[in-house]
1. Out of Leu154, Leu139, Leu178, Leu135, I need the residue that is under 28 Å from Ile225 (Cβ atoms) and in a strand (DSSP E or B). Which one?
2. Restricting the search to region 18-36, which residues are open to solvent by 60 Å² or more (accessible area, probe 1.4 Å) and at pLDDT 85 or above?
3. Is there any pair linking a residue in region 205-234 that is over 21 Å from Gly194 (Cβ atoms) and polar (S, T, N, Q) to one that is assigned to a helix (DSSP H, G or I) and open to solvent by 70 Å² or more (accessible area, probe 1.4 Å), with Cβ under 8 Å and at least six apart or on different chains, and which?
4. Of the numbered conditions (1) at pLDDT 95 or above; (2) touching a Ser or Thr at 6+ places or on another chain (Cβ under 7 Å); (3) not polar (S, T, N, Q), Met257 satisfies every one except a single condition; which is it?
5. Specify which of the listed residues (Asn247, Asn185) is in a strand (DSSP E or B) and either open to solvent by 20 Å² or more (accessible area, probe 1.4 Å) or of a type outside the set (Phe, Trp, Tyr) (or both).
6. Scan region 204-231 residue by residue and report those that are exposed (fewer than 15 other Cβ atoms within 10 Å of the Cβ) and not in a helix (DSSP H, G or I).
7. Using beta carbons and a limit of 6 Å, which pairs, at least six apart or on different chains, have the first residue in region 37-57 and over 25 Å from Ser269 (Cβ atoms) and modelled with pLDDT under 95 and the second one of a type in the set (Asp, Glu) and open to solvent by less than 10 Å² (accessible area, probe 1.4 Å)?
8. If Tyr160 satisfies every condition in (1) surrounded by fewer than 20 Cβ atoms within 10 Å (Cβ to Cβ); (2) assigned to a helix (DSSP H, G or I) but one, which is the exception?
Amino acid sequence: MKKRIISGVLAGMLLFIIMLLPSYVMALTVCAISIIALFEFYQSVKKVNFHPVQIVGFFACIMFLLYLTYKTFLIDTNNEFLSNISQVIFQQNTFYLFIYLSIVYLLLQMVFHKKSFTLNDIALTILGIIYIPFLLSFLFLVRFLENGFEYVWLIFIGTYSTDICAYFIGKFFGKTKLMPEISPNKTVAGAVGGAIGSVIFTTLFGVLYINGYEGLNIPYYHFIILGFLCGTISQLGDWSASAIKRNVGVKDFGHIMPGHGGLLDRIDSLLFVAPAVYFYIQFFI
């Protein structure tokens, strides 16, 4: 537990520092995390004799997030020269061409390398792209919104308060197992405690900082709803990652964070929460 707490505190401090820097620093960080997490995902599925086409997965991840990073940099610097370049490189037709070439390349692997790649391999390649860089890109979309700096904190606070509260309440009070066939350490008390913890911390942040300090005057009930959404959806993300690990026979996706496993183990809940917060803000706030 001590190792888990120390690495978690250090990660939290690093996140706080990154968030205070220009937004393109966060963009570059998310890009790096996506690449590492995608690598962990592909390495895990290879343990059960799947062979994702990693070169396509990594290239798609880099190109997609590079576009978002470029957009963030342009917003921060307002550089006309870079803006003109980006309009040429990242125009809509360029992306459609890239998607077309990627799909053709993936499917042709079954034609010319049919002994090395199967339909499952191609499907897992695409799943990795959608599961990690695509879902994580919603952090960018929230950050680009008006008052996005304040809103993006709701994602982190809602996700990690759920994780912390679920862990400690489940450890000390959890008796009834929730889903032992997928994750034997999950308990009913931990799940309920995580959701309640998210509601409390998300609401406090909204009332004290977003409304109190920043003066945005958002109705309080939105923070309660967002807290509940984060507290439930983040656990769905965690359970989904546990189901993947159970299927491929690994305890953790990696070992980059002592006591926490790999980066994908740390962001599995975030992948589900970021889109949910984005769509709630867009539709209801």
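The values are calculated or read from the model by the stated rules, or taken from the named source; none is laboratory data. The model shown is predicted, which means the values in this text are computed figures rather than measured ones. Don't worry about glycine lacking a Cβ; one is built from the backbone with ideal geometry, like all the others, and counts go over all protein chains shown. We work out accessible area using only protein heavy atoms, side chains counted, and drop any ligands, DNA or RNA first. Shrake-Rupley method; radii C 1.70, N 1.55, O 1.52, S 1.80 Å.
1. Details: Leu154 fails: in a strand (DSSP E or B); Leu139 fails: in a strand (DSSP E or B); Leu135 fails: in a strand (DSSP E or B).
Of Leu154, Leu139, Leu178, Leu135, the one residue that is under 28 Å from Ile225 (Cβ atoms) and in a strand (DSSP E or B) is Leu178.
2. Ile36
3. Note: pairs meeting the criteria are Asn211/Tyr220.
4. (1)
5. Values: Asn247 fails: in a strand (DSSP E or B).
Asn185 is the lone residue from the list that is in a strand (DSSP E or B) and either open to solvent by 20 Å² or more (accessible area, probe 1.4 Å) or of a type outside the set (Phe, Trp, Tyr) (or both).
6. Of everything in region 204-231, those that are exposed (fewer than 15 other Cβ atoms within 10 Å of the Cβ) and not in a helix (DSSP H, G or I) turn out to be Glu214, Gly215, Asn217, Pro219.
7. Partner pairs satisfying both residue conditions: His51/Asp121.
8. All conditions are met except number (1).
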